[in-house]
Amino acid sequence: MSEPALRGTLFVNPNSGADSPSVDELASVAAELGISVHVLRQGDDLVDLARSAQADVLGMAGGDGSLGAVAQVAIERDLPFVCVPWGTRNHFANDAGLPADDPLRTVAAFRGMERRVDVGRVEDRIFLNNVSLGVYARLVHRRERRRRRDEAFARLRALATSVWTDLRWTRRFRVDGTPIHASVILVASNKYIDALTARGARERLDGGVLALYAARGIRRLHWTERTAQQFRIESGGPMHVAIDGEPAVLASPLELRVDPGALRLLVPPDVEAPSEVD
């Protein structure tokens, strides 16, 4: 006798930036698999909806910010999580080896295989990609919802000639007690292949480390990087940060740590795990 299919709920953010396919197409594919679909409306509290969903699997079709909100609830409830790339950049989906250019195909993950991946934690929130401080975080706050998550690394060089020529963007921080002057500090869940040239692709999502990148410079950027399982970042006064591209203001100090294998990510049956880079 076969086991009953798991109950799945897919939340859809219709304003996340995806141009195609349509919400109706996505809902139709989900319905064929017996998945309940909730298209978010103005005023909906995504976290409350995910916490109260009568489901054995939680899924989110949206950008990295909304993915993180549902992923956090999935961790709290110890439920598998489905990522349907529905945003503009889809960094997490790409790094997880999902077909980010074919969101309809990723819906099959509700009947797929489970992989354990790491998440980062800052205060009481998780991050799937990274937390940034400094000039990039300020730009996220300034643009707010007008321009969601940008290319965290590839665009930083382009910003150097326009923003970092102003010394006001260099700020004093303390990282694990060590003073540092930086225009940008970015803490990622696992290492990037190449901070300056690889467009933010990560080697793997289950390496069990945080990677901290700090940039300072006027005409030439000087980068430093280090890895650890946790970091403490201090600065005078409240800090403007971007958590997976979402703006937030947090008190100093920031306590960041990696939570290895915390997320039960489901992938479509026909998707292979990305190869590891040593």
Practice task
Starting from segment 209-233, keep only residues that are buried (at least 19 other Cβ atoms within 10 Å of the Cβ), then list their pairs with residues that are aromatic (Phe, Trp, Tyr) and at pLDDT below 85 whose Cβ atoms are within a distance under 9 Å, requiring at least 6 positions of separation or different chains.
Solution key: Tyr213/Phe153; Tyr213/Trp223; Ala214/Trp223; Ala215/Trp164; Ala215/Trp223; Arg216/Trp164; Arg216/Trp223
Problem - Residue tally, condition surrounded by 23 or more Cβ atoms within 10 Å (Cβ to Cβ), of a type outside the set (A, V, I, L, M) and assigned to a strand (DSSP E or B), over segment 121-134 - result: 4
Handout entry: Output for segment 9-49, where each listed residue is under 19 Å from Glu246 (Cα atoms) and either in contact with a helix residue (DSSP H, G or I) (Cβ under 8 Å, 6 or more places away or on another chain) or surrounded by 22 or more Cβ atoms within 10 Å (Cβ to Cβ) (or both)
Key = Phe11, Val12, Asn13, Pro14, Ser16, Ala18, Leu40, Leu46, Val47
Practice task
Answer yes if at least one residue in segment 133-148 is out of contact with any Ser or Thr (no Cβ under 7 Å at 6 or more places or on another chain), modelled with pLDDT of 90 or more and at negative phi, and no otherwise.
Solution key: yes
Practice task
Within segment 76-85, identify whether any single residue is farther than 20 Å from Arg125 by Cα, out of contact with any Pro (no Cβ under 8 Å at 6 or more places or on another chain) and either surrounded by fewer than 24 Cβ atoms within 10 Å (Cβ to Cβ) or assigned by TED's automatic domain parsing to the domain that holds Ser189 (or both), and answer yes or no.
Solution key: no
Completion exercise
Within segment 86-110, the residues that are hydrophobic (A, V, I, L, M, F, W, C) and surrounded by fewer than 24 Cβ atoms within 10 Å (Cβ to Cβ) are Ala93, Ala100, Leu104, Ala108
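The values are calculated or read from the model by the stated rules, or taken from the named source; none is laboratory data. All values derive from a computational prediction rather than experimental measurement. Cβ atoms come from the backbone with ideal geometry, glycine included; neighbour counts cover every protein chain shown.
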